[in-house]
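Nothing in this text is a laboratory measurement; each read-out follows from the coordinates by a stated rule. Keep in mind the model is a prediction, meaning the values are calculated, not measured. Backbone-built Cβ (ideal geometry, glycine too); neighbour counts: all protein chains shown.
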Amino acid sequence: MPDDRSRPETPTPQLTRHWVMAGIVSSASRFIPIPFVDDVIRDRCQRYVVAKTLAAHDAQSCLDQVRPYFGSSAGCVSGCLAMIAKASLKLLLFPIRKVVRVLTSVRGVPLEITRMVLLGRTLDRKLQSGEVPTTAEAERMRVAFEAAFARMDFRAVKAVVNDSLNQVGGWKDAAIAVARDVLDTTADPDKRDLAADPIENAPQVEEGAKRVDEAMHDPAMLQLFADFDQRFDSEYANTSLRRSERESPKG
């Protein structure tokens, strides 16, 4: 449990920059012409965001406890079976999907960066209470997050993020290189020191994240984040209520 006296009241600029960096690297997976890498890179970037946020609250040892918030909730067997069942179709559609993802990168890149920022920001808000979410709460957070994210209108994000990244030459190539390093199967993400994570050592990605982070302090962006917070809180309350109703004894 994090020490209430030492936890920050708001995310530090460095923490939010880490969230943006993870989003930039995750978004770069769309440019790598290898099947199945998108999901792997996104999962590892989400893990990085959550681990960094927990570390900021001196709760890095609670990663497994909150794993349902950012990782697959399916068990190993069911997850593997689902992957096998989808593999043939995904391989068949891979060329088309990859072309579409590249062509839609003008919207997809800002959306993925925003997703990572909101993932970290939402967990950070929960940790402000001084309590780490239980595994059950983390599961409900994931459901609420996906529901709230799906209902948001992120059109305003596109221009803000793209304009910021366009000021940094070579950010895309740098992000692709980091994404490939993130895929390194010789390094178990759960055993890797955060300071040694590939995302930590990419100056051009960090510069891009700095520009995007500064742009995200625009009043319109701050209002968008506030709107998301309200939607998430509402979805989380509804999810908790439905769970309580299912678990209550029938009269």
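A few points about this structure:
- Put simply, when 43-50, 217-224 are sorted by average Cβ atoms within 10 angstrom per residue, most first, you get 43-50, 217-224.
- For the pair Ile32 and Ala226, the difference between a 0.36 nm per residue extended length and the Cα-Cα distance amounts to 66.5 nm.
- Shape index of region 102-183: Rg/Rh, with Rg the Cα radius of gyration and Rh the Kirkwood radius from the inverse mean 1/r over Cα pairs, equals 1.05.
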